[in-house]
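Read through the structure below, which is laid out as structure tokens, and then see the notes.
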Amino acid sequence: SNVELKPHKLEGTLAFMFETRFPQKVTAFAAETESLQKDYASYGQKLKKHFNPNQR
């Protein structure tokens, strides 16, 4: 709680998240690069579901 609040570099990770009200578009270069993780959309398929919409 005493650390100066400023940006700092994270090592060994590529994950990031941001929010914007503006539409985002992937460039042709990014969509065609060999390093594209083609199965990324299935990353959460093995996660156990805990949400119960009927529970209050």
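The values are calculated or read from the model by the stated rules, or taken from the named source; none is laboratory data. Since we're looking at a predicted model, the values are computed, not measured. Virtual Cβ from ideal backbone geometry, glycine too; neighbours counted across all protein chains shown. Note: accessible area is taken over every heavy atom of the protein model, side chains too, but ligands, DNA and RNA are not part of it. Shrake-Rupley method; radii C 1.70, N 1.55, O 1.52, S 1.80 Å.
Surface exposure of the chain, expressed per residue as accessible area with a 1.4 Å probe, stands at 126 Å². Entry for the chain at q = 0.18, 0.24, 0.26, 0.29 Å⁻¹: log10 I(q)/I(0) = -1.06, -1.17, -1.21, -1.26, Debye formula applied to identical alpha-carbon scatterers, no solvent contribution. Surface composition of the chain: carbon and sulfur atoms hold 56% of the protein heavy-atom accessible area at a 1.4 Å probe. When the residues Thr27, Thr33 are ordered by accessible surface, computed with a 1.4 Å probe over the protein chains alone, the sequence from largest down reads Thr27, Thr33.
Ranking Leu47, Leu36, Leu5 by solvent-accessible area of protein heavy atoms (1.4 Å probe, all protein chains present), from largest to smallest, gives Leu5, Leu47, Leu36. Taking each residue as 0.36 nm, the span from Phe16 to Ser1 lengthens on full extension beyond its C-alpha to C-alpha distance by 3.1 nm. Sites listed here are GluC sites (Glu not before Pro) in the chain whose DSSP assignment is loop and whose Cβ has at most 12 other Cβ atoms within 10 Å: Glu4, Glu11, Glu19, Glu34.
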